[in-house]
Amino acid sequence: MPRRRIRLSISGMSCAGCVAAVEDALRTVPGVEKASVNFAEHTAEVEGTASAAALIAAVKEAGYEAAELRGIDDETEKEAAERAHYRRLLIDTAIAGGVGVPLFLGGMFGLLPPVDSPGGRIFWGLAGLVTLAVLIFCGGHFFTGAWKAFRRHNANMDTLIAIGTGSAWLFSMGVILFPERVPTLAQHAYFDAAAVIIALISLGSALEMRARGKTSEAIKRLIRLQPKSARVIRDGEEMDVPIERIGLDETLRVRPGERIPVDGVIIEGSSTVDESMLTGEPLPVKKGVGDEVTAGTVNQSGTFLFRARRIGKDTVLAHIIEMVRQAQASKPAIGRLADRVAAVFVPAVLIVAVLTFLAWYDFGPEPRVAYALVTTMTVLIIACPCALGLATPMSIMVGVGKAAEYGVLIRNGDALQQASRLTTVVLDKTGTVTSGKPQVTALLPAAGWDELRLLRLAAAVETVSEHPLAHAVLESARQRGIAVPEVTDFHAEAGHGVRGRVEGREVLLGNPRFLTRNGVAIEALEQMVSELASRAETPLLLAVDGEAAGVIAVADPVKPDSGAAVERLKEAGIRVVLLTGDNRATAEAVARQVGIEEVIAQVLPGDKGERIARLQAEGERVGMVGDGINDAPALARADVGFAIGTGTDVAIESADITLMRGSLHGVADAIAISAATVRNIKQNLFGAFVYNSIGIPVAAGALYPFFGTLLNPMVAAAAMAMSSVTVVSNANRLRLFRPRSSPHSQI
């Protein structure tokens, strides 16, 4: 079976401790190479050769429910299920609160009969039965979850809540049925606490779910960009068909104001297209015959016909959605640490609860049983690790979504964390700092040669070359109407030049070193080469039958915003280095234009990764930005690789972060968003750890010897529920974050 990625929706997870149980279950399935569970989204990403059926069976065996998520329709069903669960939580809150709050207020104001009175036993007995109904109807899932965990020799949040509320109910019924066996001071019913705890936890879960839905707003917005139908021309007739029924090479019509349904190439008409969802750029782009259009972008002024080239999961939009999903589901190192802590947290709390009960029962004041019960129940309720488990994934989901809004696609959580720690950013020159579309600016023939002959032979040896400079030479020949002859015995030396036989003559075209190494005397051309390099123009030297024939000047203009982006990086305290295979004079001229002081020039493609390694050996955390195939090793070697989205697929696949708009401002935006996200994660983790570090001792009665006070179990339940809501709300603050000085708009 081929290796693939399967995405599952997981239900039944009640706390971060469940994450480890589900991940362990998935990893035991033969063929699973990698499994990651996102507690915030209640999903799992699995890579390997295992089948979806085997994965689902393993999850069910572990005591949870699972279903495969295949596409947008499944996401819609998942959203509908979450809305239904949200409504159920509100109903549970209302019912449990309707029972618990009157009991609590009545007891507070002395309006309820004593437990040991004849009428009191009847009243409290009925209250116990009603509370039991609340525990079954509103809190039954806690008890079933606790039982499933117990059968697997495990413990989770359900265990804590079930033991806490269940013991409160059992103790209260014991007081009512056998009051003579309980000390007078301990004759108190805790039905109100059990019901209110269920109400508060349900309310907290509902608020958390509502806030959690906002964190995935970016992915929902991307999904909504896909239109449901498209206008297809079949057999000369136009008809609207569902998007899933569009085939390759079909002809489609797009009218003004409509979203483009699939990727394709315009074959008739012209228009302007709003591509801000891809690039973050607000200005529309002119499109005509032969231009590519992308699914999800908006046609503005004209109408046109285009031919479908990529459909379904192969569209750029589908790839963006998938990349954002993967990143949101991944975990940085800091998140994996939190999961490991959460996995052992609940068993540790159970031990603390037992010790708390024994301490109060053996050494506490009368009524010892009542004190022991209340403190133990409070410890169990307040210690739920939900906030700890939500701290990282919530921030990751919002941070990755925020980056996508600025045209920055982050592949995984580690890249998001590492980007904030970068100390050096290395920039490739061609296509990264510059536009990557060089043009011939001058033809400088040697004595005895003319411009047309020079360009004709140069174009001949460049016809089979894929180098960007070759395209510039060929385009110049095409514009001048030159008939280009055929080349034989073609050979290219990466980073140096090309050679071939044209009309029986040996032709070399490349940099000065290439010609010198092949025995060509270039002294007569050196002044031209020097002057061109000083102007950031690349000199291509031509030799015919071993004699220098002239120089072709090619310039690759610097992108208009490269200088401002470099300035942003330097203001952030980041060292900026220009790395290029071009000659030093040209590289330094480009560097001067954008404000870069450090240049590494004349580096062969295979050596770029080694240059990154050298910087890392100096103690630098290095980010590499590039767009070409020759940048792939360096992108992979860097701590964080940034691929220009307008570059090659190989570079994008090798990178950790893809910049869809092709601007270096995306690097600065990514680093700023990364720093904000990591800061948010640390705030969440700090709050969760402080909450539990303070809450558990206080719940166990640490303040009683000094102030004579204990924490009410209902207050503990409210604090536990609000801790999760606080973490989610803090993560959602990232949705308001805007990278400083970013000139680009959001999707």
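The values are calculated or read from the model by the stated rules, or taken from the named source; none is laboratory data. Quick caveat, the model's predicted, so the values are computed rather than measured. Here Cβ is always computed from backbone atoms with ideal geometry, including for glycine, and neighbour counts include all displayed protein chains. Note: accessible area is taken over every heavy atom of the protein model, side chains too, but ligands, DNA and RNA are not part of it. Shrake-Rupley method; radii C 1.70, N 1.55, O 1.52, S 1.80 Å.
Just reorder Arg480, Arg453 by solvent-accessible area, largest first, 1.4 Å probe, all chains present.
Output order, biggest surface exposure first: Arg480, Arg453.
Just list whichever of Lys60/Lys148; Lys287/Lys313; Lys228/Lys313; Lys570/Lys682 have alpha carbons separated by over 19 Å in the model shown.
From the list (Lys60/Lys148; Lys287/Lys313; Lys228/Lys313; Lys570/Lys682), the Cα-Cα distance tops 19 Å for Lys287/Lys313; Lys570/Lys682.
Whose amide H sits under 5 Å from the amide H of Ile600, counting only residues 5 or more places off or on another chain, with H placed in the peptide plane?
Leu578, Leu579, Thr580
Return the distance in nm (one decimal) between the two label points of a simple spin-label model at Arg210 and Asn712, each offset 7 Å from Cα along Cα→Cβ.
It is 2.3 nm.
Please give the per residue accessible area of the chain, computed with a probe of 1.4 Å over protein heavy atoms only, in Å².
Per residue, the chain has 43 Å² of solvent-accessible surface.
Could you work out how far apart the two model spin labels at Glu503 and His85 are, taking each label as a point 7 Å from the Cα in the direction of the beta carbon, and quote it in nm?
Simple spin-label model gives 7.5 nm for this pair.
Leaving ligands, DNA and RNA out of it, report the carbon-plus-sulfur percent of the accessible area of segment 388-443 at a 1.4 Å probe.
Its accessible area is 43 percent carbon and sulfur atoms.
If a/c stays under 1.5 just call it rounded; otherwise compare a/b with b/c (prolate if a/b is bigger, oblate if not). Do that for segment 1-112, with a ≥ b ≥ c from the square roots of the Cα gyration tensor eigenvalues.
Taking the square roots of the gyration eigenvalues as a ≥ b ≥ c, segment 1-112 is prolate.
Say a paramagnetic label sat at a point 7 Å from the Cα of Thr488, along Cα to Cβ; which residues of segment 438-472 have their backbone N under 18 Å from it?
Within reach of a label on Thr488: 457, 460-464.
Using only the Cα atoms of segment 343-414, what semi-axes does the equivalent ellipsoid have when each is the square root of 5 times a gyration tensor eigenvalue? Give whole Å, largest first.
Calculated on Cα positions only, the semi-axes equal 45, 11, 5 Å.
Counting helices only, and only those DSSP H runs with n ≥ 4, report the 222 nm mean residue ellipticity of the chain as the sum of -39,500 (n - 2.57) divided by its residues, in deg cm²/dmol to the nearest 500.
It comes out at -16500 deg cm²/dmol, rounded to the nearest 500.
State the percentage of accessible surface on segment 543-613 attributable to carbon and sulfur atoms; use a 1.4 Å probe and exclude ligands, DNA and RNA.
On segment 543-613, the fraction of accessible area on carbon and sulfur atoms equals 49 percent.
In nm, to one decimal, how far is the modelled label at Ala333 from the one at His141, with both set 7 Å along Cα→Cβ?
3.6 nm
Relative to the longest principal axis of the C-alpha atoms of the chain, give the angle of the C-alpha long axis of helix 140-151, reported between 0 and 90° and rounded to the nearest 10°.
80 degrees
Any idea what diffusion coefficient the chain gets from Stokes-Einstein, in µm²/s, Kirkwood Rh on alpha carbon pairs, 4 °C, 1.567 mPa s?
In µm²/s, the coefficient rounds to 43.
Taking the Cα atoms only, what angle lies between the long axis of helix 17-27 and the longest principal axis of the chain, rounded to 10 degrees?
So the inclination is approximately 50 degrees.
Run the accessible area of segment 676-747 with a 1.4 Å probe and give the carbon-and-sulfur part as a rounded percent.
In segment 676-747, the share of accessible area belonging to carbon and sulfur is 67 percent.
Leaving out same-chain residues fewer than 8 places away, which lysines sit with a Cα under 23 Å from that of Lys286?
Within the straight-line cut-off, Lys286 pairs with Lys437, Lys559.
What is the helix-to-structure angle for 386-405, meaning the angle in degrees between its Cα long axis and the longest Cα principal axis of the chain, kept from 0 to 90 and rounded to the nearest 10?
Once rounded, the angle reads 30 degrees.
I'd like the distance between the alpha-carbon centres of segment 1-73 and segment 378-451, rounded to an integer number of Å.
28 Å
Largest first, how would Trp449, Trp124 line up by accessible area (1.4 Å probe)?
From most accessible down to least: Trp449, Trp124.
For Cα pairs less than 8 Å apart in space and 6+ apart in sequence, what is the mean separation divided by the residue count of the chain, i.e. the relative contact order in percent?
The value is 14 percent.
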